[in-house]
Amino acid sequence: MPSDHFYTLDPNGEFAPSTGYEPQGITGYVHSTQHPGTIPIYRWYNPASTDHFYTADSAGEVAPPTYTSEGVAWYMFSDQVENTVALHRWHSPTTGDHFYTTDGAGERAKEHGYVAEGITGYLHPYQVEESVPLYRWFNSRKSYNFSVESIEIKQIRSQESDTIYVSASVTIAGHPPRAVTKRIGDRGKGSFPLDVVLKDVSLADHEVAVFSYVIINDGHSKESNVTKVLEQAARKLSEAGANQVGDAVKEAVGAAVGAGVGAVIGSSVPVIGTIVGAALGSLAGSLLGGLFDMVGANCDGPLAAGTYSFTGMQLHDDIHQRDHNPGIDSPHGCGANSDYYTTWSVTRAD
């Protein structure tokens, strides 16, 4: 979902707060009704790009047919008069966003690929009689794909091959988790694609996403039971981390997420990043329930897991990472302790 700058006379932002927009203060002062020398500024909306477009042209300039008219937004002067400044319009060809500012240099718009499109009208830089504030809101929400791309198996947990299942989950703080689970099948040593993807996850710059993955070997349980339990585990990991974000200051978000993950798997220390050693064993015991007979004769068990947190701002550049996932002790009669490498990524979807 592309970014959008939204301008309104409503101090409460109309729909903005409930749809991911953040307040950016007052752009200037305009009029809610027509005064001598003022003209109406019309608001148009493109649902495909989520762009709001403001123009003095009642026909919407280039707005139709992709834009829908939303009526008069405010009134401002068509020509410069005393105590007014120009409202400049900028446009991003990449996102489709239209940005309006009294800064002739466009604030930082040019750095982000915006192109100047001239002056929309003139408004007051401070409040005068019968003028009202023009509030600016910004929705930085974008869509991302969270993917567990592939594994490299250096050592299997079983004697001949591991029966691999993969689950991934992402939770945006304050929202329910999303998850996907896939049976990969029997694999020996080597490199294998997984293509386990959570597509089009919407995230604003200020929001925190917690991403988790869990990979197991289970050649004895019923497939439907494995996928159900495994997906619940991945969901709980990401959800537990996200639930701890709350009011944590920016510098403490990672620690808060780690504390939440540690608590849900029964670890006495925060857990963030690759989950290995005792923490991996705790995960198997606490979240995977009776799926594994950890002391039995079969070789089923956890192979790899990880939990990571990001803000939307941190995802402006794609992330590609390769985790080393050394396994926990395998039962007598199985293979050596498993040794996996997991490659995952977070990339822009739009």
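See the values below:
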| read-out | value |
| --- | --- |
| Rounded FRET efficiency, nearest 0.05, which uses the C-beta distance separating residue 72 from residue 117 and R0 of 22 Å | 0.60 |
| Sorted by Cβ density within 10 Å, fewest first, the residues 136, 348 | 348, 136 |
| Sequence of 160, 70, 231, 82 once ranked by neighbouring C-beta atoms within 10 Å, starting from the fewest | 82, 160, 70, 231 |
| Among 155, 24, 244: highest mean-square fluctuation, GNM of the chain, C-alpha pairs under 10 Å | 24 |
| Cα-based reach from residue 228 at 24 Å (exclusive), listing lysines while leaving out same-chain residues under 8 positions away | 182, 199, 236 |
| Choice from 176, 23, 93 with maximal GNM fluctuation in the chain (Cα, 10 Å cutoff) | 93 |
| Scattering profile of region 142-348 at q = 0.08, 0.10, 0.11, 0.12 Å⁻¹ [log10 I(q)/I(0), Debye over alpha-carbon scatterers] | -0.24, -0.38, -0.46, -0.55 |
| Quarter of the Cα convex hull surface for the chain, i.e. its orientation-mean projected area (nm²) | 20.0 nm² |
| Computed over region 167-239, the ratio Rg/Rh where both radii use C-alpha atoms and Rh is Kirkwood | 1.03 |
| Trypsin sites (Lys or Arg not before Pro) within region 189-243: DSSP coil, no more than 16 neighbouring Cβ in 10 Å | 189, 222 |
| Helix-only mean residue ellipticity at 222 nm for the chain, each DSSP H run of n ≥ 4 adding -39500 (n - 2.57), per residue, nearest 500 | -4000 deg cm²/dmol |
| Order of 94, 342, 8 - criterion: other Cβ atoms within 10 Å of each residue's Cβ, fewest first | 94, 8, 342 |
| Max mean-square fluctuation residue, GNM over the chain, Cα-Cα springs under 10 Å, options 204, 86, 240 | 86 |
| Compactness of region 4-139 - radius of gyration and Dmax, Cα, Å | 13.9, 40 |
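Quick note: the coordinates plus some simple rules give every number you see, no bench work behind them. Because the structure is a prediction, the values reported are computed rather than measured. Because the Cβ atoms are built from the backbone with ideal geometry, glycine has one as well, and the counts that use them run over all protein chains shown.
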